[in-house]
Amino acid sequence: MIKIYGILIVLGLLGGGVYGAKYYYDTTQNTITILRDNNTKLEIAVDTAQDSIETLQGDMTKLANLNKGLQEDLQKAEAYGDELRAKLSNLDLVVEAFKDSKVLEGKMNGATANLWRDFMGDTGNSTDRPLPNWLQQFPSRAGNQDSDQSGESSDTSSSITEATPTE
């Protein structure tokens, strides 16, 4: 009987050892599978992060170039504003208005027509569209013969009035 109990104990120990080894193997294989899946997910996340970094760097380069262009445009606009301030400080509009109001009106309306065209161009509208009615009509009085009567000149010193006569 002791032999039978001894054999049963040995078989029990061997069965427990085999079961323990099988349990350890299955657990290890599950852990390896989970780690492999996590590694794949991490590689995908790293690739996505790297693509995002490259995109951000490209965007930063574009933004830097655009910012540089805007800065240059701002400097040009400030220089133009300074030029206009200098011209305005040299003008005495009241005296000029008393001397020849029609010439001043022509200059002002020519400048307004140019600004109108610039606004239309800057907002994406075609500059081929006609000017507003208040800028289209010419007075009956002829001005400087070498001035641009079509209103297409960029010179704002036109002596032709492009507005409706105030008569």
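The values are calculated or read from the model by the stated rules, or taken from the named source; none is laboratory data. No experiment lies behind these values; they were computed from the predicted model shown. In this analysis, Cβ positions are derived from the backbone assuming ideal geometry, glycine residues included, and neighbour counts consider all displayed protein chains.
Listed by first and then second residue, the pairs with beta-carbon distance under 8 Å, at least 6 apart or on different chains, first residue in segment 85-99 and assigned to a helix (DSSP H, G or I), second modelled with pLDDT of 75 or more and among the β-branched types (Val, Ile, Thr), are 96/103.
State yes or no: is residue 75 within 21 Å of residue 122 (Cβ to Cβ) and either touching a residue at least 12 places away in the same chain (Cβ under 8 Å) or surrounded by 10 or more Cβ atoms within 10 Å (Cβ to Cβ) (or both)? Here the answer is yes, as residue 75 does meet what is asked. Of all the listed residues (12, 69), the sole one being outside the structural domain of residue 118 (by TED's automatic domain parsing), of a type in the set (Gly, Ala, Ser) and either farther than 30 Å from residue 118 by Cβ or not in a helix (DSSP H, G or I) (or both) is 12. With respect to residue 131, determine if the residue is under 36 Å from the mean Cα position of the chain (by Cα) and at pLDDT below 80. The answer is yes for residue 131.
Number of residues in segment 96-125 that are over 18 Å from residue 84 (Cα atoms), surrounded by 12 or more Cβ atoms within 10 Å (Cβ to Cβ) and under 29 Å from the mean Cα position of the chain (by Cα): the value is 2.
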